[in-house]
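Student: Handing you a structure now.
The values are calculated or read from the model by the stated rules, or taken from the named source; none is laboratory data. Bear in mind that the values here come from a model prediction, so they are computed numbers and not experimental data. Cβ: placed from backbone, ideal geometry, glycine included. Neighbour counts: every protein chain shown. Heavy atoms of the whole protein, side chains included, go into the accessibility calculation; ligands, DNA and RNA do not. Shrake-Rupley method; radii C 1.70, N 1.55, O 1.52, S 1.80 Å.
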Amino acid sequence: MLEFEVSEPPQNMDSALALAREHDLAAPCTLALPGIPLRHHALGLVGHNTWFLHERP
């Protein structure tokens, strides 16, 4: 599990969706295992400066 804290989180859905795609590429288990749609993950990134990524070998 990785925890990220950023000073400038995405402020709109377009930039959050691009970031969510990057999260999915870097750690697919973050979205795939709990079955979270990409758009829902992106919505959770808007305005939030702490993110958690999960990946299993």
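Student: Suppose only helical runs count, i.e. DSSP H with n ≥ 4. What mean residue ellipticity at 222 nm does that imply for the chain under -39500 (n - 2.57) per run, divided by all residues and rounded to the nearest 500 deg cm²/dmol? Mind dumping the intermediate values first?
Tutor: Working: 3 runs with 26 residues, N = 57.
After summing the helix terms and dividing by residue count, I get -12500 deg cm²/dmol.
Student: When ligands, DNA and RNA are left out and all protein chains stay put, how many square angstrom of accessible area per residue does the chain have with a 1.4 Å probe?
Tutor: Details: 4030 Å² over 57 residues.
The answer is 71 Å² per residue.
Student: Positive end of the dipole of the chain, charges at C-beta (+1 Lys, Arg; -1 Asp, Glu), about the Cα centre: which of Leu38, Leu19, Pro9 has its Cα farthest in that direction?
Tutor: Checked the options; the winner is Leu38.
Student: Follow-up question, since we're still on this one. So how much accessible area does His54 have, in Å² to the nearest 10, using a 1.4 Å probe?
Tutor: 80
Student: Angle, helix 13-26 long axis vs. longest principal axis of the chain, Cα atoms, 0 to 90°, nearest 10?
Tutor: Tilt of helix 13-26: around 30 degrees.
Student: Rounded to the nearest 20 Debye, what is the dipole magnitude of the chain about its Cα centre when Lys and Arg each give +1 and Asp and Glu each give -1 at the C-beta? Each step should come with its number before you reach the end.
Tutor: Details: 3 positive and 7 negative charges, 45 e Å.
Rounded to the nearest 20 debye, it is 220 debye.
Student: With a cut-off of 8 Å between alpha carbons and a minimum separation of six or more residues, what is the relative contact order of the chain in percent? Write down the numbers at each step before the final one.
Tutor: Values: 73 pairs, mean separation 31.7, N = 57.
Once normalised by length, the contact order is 56 percent.
Student: Tell me the carbon and sulfur percent of the accessible area for the chain, rounded to whole percent, probe radius 1.4 Å.
Tutor: Details: 2280 of 4030 Å².
Solvent-exposed carbon and sulfur of the chain make up 57 percent of the total.
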